[in-house]
Amino acid sequence: MPYLFVGAGQAGCSLVDSVFSHQRVAQLATPVAFNSTIRDLQNLSNIEREAWYGVSEESGLVPGTTAGFEEEVTGGFGRDPEKADAALSGQQPQLIDAYQERFGEGTPPFAFLFLGLGGGTGCGIAPHLAEAIAEYGGPSTDIIAVAVLPNTAGQVTGDDGPSATRQATNAMYGLDRLEEHVDGVILIDNQRLAYEDAAEGRFNEYNDYAASAIVDLISGPILERINPGEYDDLDAPVIDLQDVVTSLTLDDGGVGYATLGRSVTMTRSLPGYILPFVGRKSVDGATLSRLAVSKRSVEDVNPADAAKAIGQVRAPAPYLVDDDYRIQVSVIRGLLDSYCPEVNIGMTLTKRNLASFTTLLTFAREDISRIAEIEDLAAEHAAGVTV
C-alpha cells in the first residue's frame, strides 16, 4: 500500500476516517490515528483499533492495543497545544516505530497528515508526527498536510467554547511549526460553513465533501479497476500524486497553500438507471469547473491570485472518448489558465454514472487573506483581547 494517511487530533482523525469510508481506499493507503481522547477514537468507524495511538500527558505515546488503554488516554489537553507538544517531545523513536509497525516493509512515497488547527491536540502533535514521517521515510517521502482552519466568525460550540482569538492562537502555533516539515498544505476552512449549518452538525457532510475530493486526487483509475488500454480512442492525460506535490510547491521552492474544490453531476437521467442505453445526459465542462472553483475550501480567497492549479476530471468512458458526449476539457483548462500560469489537467474513468471535477488552486501563504485574518486574531489574543 503506497500511501500513509495520518490523523492528528479529533478533526484530523475524523477526516481520515471519512477517507477510508470510500470503497477500496484501504488497497491504496494505510491509516494511523493519533488522539488524546478515547471517546473520539471510539467514534471512528473505518480505522481499526490496531491503528490507534493515544497521546497522554503522563505516558506519552500509547498504542491502542495496550492493556488499560482507556485509563491511560483519558481526555485531551484542554485545548492547549503546548501541553500536547510537550507530551510527544522526545517521542520520535516511538513514532517511527509506530509507522513501521503499521506500514510494514519499505517506506511510503507519499504521506498525508490531517489535522485541525483550532484545538489543542492536532495543533500540538502534528509537527512531531510530520517530523517523524520525514525521518521514517527519508527524502523519498513527500508529505502533504490537510489542515482545517477554525471558524473564527462565530461560536458554534456553545458559550463555554474557545474564543475566536484563542482558536486563532492555536492555529498559528500549529501551522507555523508544521510548515517546516511538509511539502505542501491543503486548507479546509470551517468558516465556509454557515453558523446554522455548523450548529446543526453538518461538519460530517463537510468532511465527506473534503474526503471525496482527496480520494479523487489520489485514486486515478486504480480503485475502480479500470484499464484505460481497453479504450482505443482514449488518449487522456493522467495526473498522479507527484503532480499534486509539484502543484503544491511554489516556484521558489516554498510551501504552497491550496484550496480544494469539487463538483459532481449525474450522467444519466432516472430512466437510464433502468435501461442502460437510454437517458444519457450531456455534461457542460464550463459549469462543472466553475462550480468546483466556487466551492473552494477557503473563505474569501481570490482564484486570480493562484500560482498553480491542478484538476482531475472523472467520468464514464463516453464522456472522455465519444464525440457526442465528450466533456470539453479545453474549456476547463481555459478557466484555470485564466487564473494562473501553471496548470495541469488529468482525466480518468469511472464506472459510476457521475462526472466530477476536482481541483487544487495553490497560493503563496501571504496571498490567503484568511491566514492573515487568523494571524491578526492571534495577535489580539497575545495582547489580551478576547473575541
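The values are calculated or read from the model by the stated rules, or taken from the named source; none is laboratory data. Source: prediction; values computed, not measured. Glycine gets a Cβ as well: all are built from the backbone with ideal geometry, and neighbour counts include every protein chain shown. Each accessible area value is taken on the protein alone, full model and side chains, heavy atoms only, with ligands, DNA and RNA left out. Shrake-Rupley method; radii C 1.70, N 1.55, O 1.52, S 1.80 Å.
With a probe of 1.4 Å, find how much accessible area the chain has per residue, and write the answer as a whole number in Å². Walk me through the intermediate numbers first.
Numbers: 16190 Å² over 387 residues.
I get 42 Å² per residue for the chain.
Can you give the charge dipole size of the chain about its Cα centre, rounded to the nearest 20 debye, using +1 on the beta carbon of Lys and Arg and -1 on the beta carbon of Asp and Glu? Each step should come with its number before you reach the end.
On the way: 26 positive and 55 negative charges, 276 e Å.
Charge dipole of the chain: 1320 debye, to the nearest 20.
Highest mean first, what order results for 63-70, 366-373 on Cβ atoms within 10 Å?
Values: 63-70: 13.6, 366-373: 16.9.
The peptides rank, most packed first, as 366-373, 63-70.
Relative to the longest principal axis of the chain, what angle (0 to 90°, nearest 10) does the C-alpha long axis of helix 121-137 take?
70 degrees
Per-residue ellipticity at 222 nm for the chain, helices alone: DSSP H runs ≥ 4 residues times -39500 (n - 2.57), over residue total, nearest 500 deg cm²/dmol?
-11000 deg cm²/dmol
Considering Cα pairs under 8 angstrom that are at least six residues apart, work out the relative contact order of the chain and quote it in whole percent.
On the way: 832 pairs, mean separation 59.2, N = 387.
About 15 percent, as a whole number.
Taking the Cα atoms only, what angle lies between the long axis of helix 285-294 and the longest principal axis of the chain, rounded to 10 degrees?
Once rounded, one gets 10 degrees.
Given a 1.4 Å probe and heavy atoms of the protein chains only, how would you sort Phe34, Phe110, largest accessible area at the top?
Greatest to least solvent exposure: Phe110, Phe34.
Would you mind getting me the FRET efficiency between Ser163 and Asp240? Use the beta-carbon distance for r and R0 = 35 Å, nearest 0.05.
Values: r = 42 Å, r/R0 = 1.21.
Efficiency for this residue pair is about 0.25.
Of the accessible area of the chain, with the probe set at 1.4 angstrom, what percent is carbon plus sulfur?
Numbers: 7540 of 16190 Å².
The nonpolar share, carbon plus sulfur, comes to 47 percent.
With the cut-off at 1.5 for a/c, could you classify the chain from its C-alpha gyration tensor as rounded, prolate or oblate?
Working: a/c = 1.80, a/b = 1.48, b/c = 1.21.
It is prolate, given that a/c is not under 1.5 and a/b is the larger ratio.
In the full protein assembly as shown, how much of Lys295 is accessible to a 1.4 Å probe, in Å² to the nearest 10?
Surface accessible to solvent at Lys295 totals approximately 80 Å².
Evaluate the charge dipole of the stretch 243-387 about its Cα centre and quote only its size in Debye, nearest 20, assuming +1 on the Cβ of each Lys and Arg and -1 on the Cβ of each Asp and Glu.
Taking the Cα centre of the stretch 243-387 as origin, the dipole is about 1140 debye.
Counting only protein chains, not ligands or nucleic acids, how are Met266, Met172 ordered by accessible area (probe 1.4 Å), most first? It would help to have the intermediate numbers written out before the result.
On the way: Met266 80, Met172 20 Å².
If we order Met266, Met172 from most to least accessible, we get Met266, Met172.
Using only the heavy atoms of the protein chains and a 1.4 Å probe, how would Asp189, Asp40 rank by accessible area, largest first?
Numbers: Asp189 0, Asp40 35 Å².
So, going from the largest accessible area down, we get Asp40, Asp189.
Would you check the accessible area of Ile188, probe 1.4 Å, heavy atoms only, in square angstrom rounded to 10?
Counting only protein heavy atoms, the figure is 10 Å².
Might you work out the accessible area of Asp376 for me, using a 1.4 Å probe with all protein chains in place, and round it to the nearest 10 Å²?
Using a 1.4 Å probe on the heavy atoms, I get roughly 100 Å².
Based on the Cβ-Cβ distance of Ala86 and Glu50, what FRET efficiency does E = 1/(1 + (r/R0)^6) give at R0 = 25 Å, to the nearest 0.05? The partial results should precede the final answer.
Working: r = 27 Å, r/R0 = 1.07.
The pair Ala86/Glu50 has a calculated efficiency of 0.40.
Separation of the stretch 127-145 and the stretch 68-88 by C-alpha centroid, Å?
Computed from Cα coordinates, the inter-centre distance equals 22 Å.
What distance in nm lies between label points placed 7 Å from Cα along the C-beta direction at Thr287 and Glu180?
5.0 nm
Read phi for every residue in the stretch 254-260 and hand back ³J(HN,Hα) as whole Hz from Karplus 6.51 cos²θ - 1.76 cosθ + 1.60, θ = phi - 60°, with x for Gly and Pro.
With coefficients 6.51, -1.76 and 1.60, one gets x, 6, x, 10, 10, 9, 10 Hz.
Can you tell me the 0 to 90 degree angle between the C-alpha axis of helix 164-178 and the longest principal axis of the chain, rounded to 10?
With rounding to tens, the tilt is 80 degrees.
Tell me the Rg and the Dmax, in Å, that the Cα atoms of the stretch 49-169 produce.
For the stretch 49-169, the Cα radius of gyration and maximum Cα-Cα distance read 15.6, 49 Å.
So how far, in whole Å, is the C-alpha centre of the stretch 44-67 from the one of the stretch 287-324?
For the stretch 44-67 versus the stretch 287-324, the Cα centre distance is 38 Å.
Of all DSSP beta bridges in the chain, what percent run antiparallel (nearest 5)?
In the chain, approximately 40 percent of DSSP beta bridges are antiparallel ones.
Within a Cβ distance under 14 Å of Val32, other residues only, what is the Lys/Arg minus Asp/Glu net charge? Mind showing how you got there, number by number?
On the way: positive: Arg49, Arg102; negative: Asp17, Glu48, Glu50, Asp97, Glu101.
Summing Lys and Arg as +1 and Asp and Glu as -1 gives -3.
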